[in-house]
Amino acid sequence: MAIAGFYQNVPEGFYQTHLFADSLACAFNKKGSLAKLNRLSIDHYFAAKHALITLQGDFQEQQKPSKGPKQRKRNITYGSYSFTSLASILQQSDLLLTAPKLLLEEYEKHFPIHICPYPLES
């Protein structure tokens, strides 16, 4: 059995069903410098220091340039393989995390973080 959102083509013979849909969102420390913003603009997004969750372990390859005339990349300063450790890191830092909204909502139940919309089109 495989539960993941990154399989493009499921091998023949595997049963496949849609479980749920999710979208990207951003999260940061409620007491950090980002909390002073009224909303997270694209400029704020690229000016921030980012945390990244990666299963592959290649933190630089995970940076996707933005669409549009300005090709900008995130400033990834912290990376983790762990989905659980980043909630604790967020509450102690000024890092911005872009992740699935459902995951961030679980973080928010237990840690003082704020969730806001992802400012880029996916």
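The values are calculated or read from the model by the stated rules, or taken from the named source; none is laboratory data. Note that the structure is predicted; figures quoted are calculated from it, not measured. These accessible areas exclude ligands, DNA and RNA; they are computed on the full protein's heavy atoms, side chains included. Shrake-Rupley method; radii C 1.70, N 1.55, O 1.52, S 1.80 Å.
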So how much slack lies between I115 and F14, counting 0.36 nm per residue of separation and subtracting their Cα-Cα distance, in nm?
-> 32.8 nm
Accessible surface of S93 - all protein chains present, 1.4 Å probe, nearest 10 Å² | 30 Å²
Principal axes of the range 69-122: Cα extent on each, largest first, Å = 39, 21, 19
With a 1.4 Å probe and every protein chain left in place, tell me how much accessible area D43 has, in Å² to the nearest 10.
-> 90 Å²
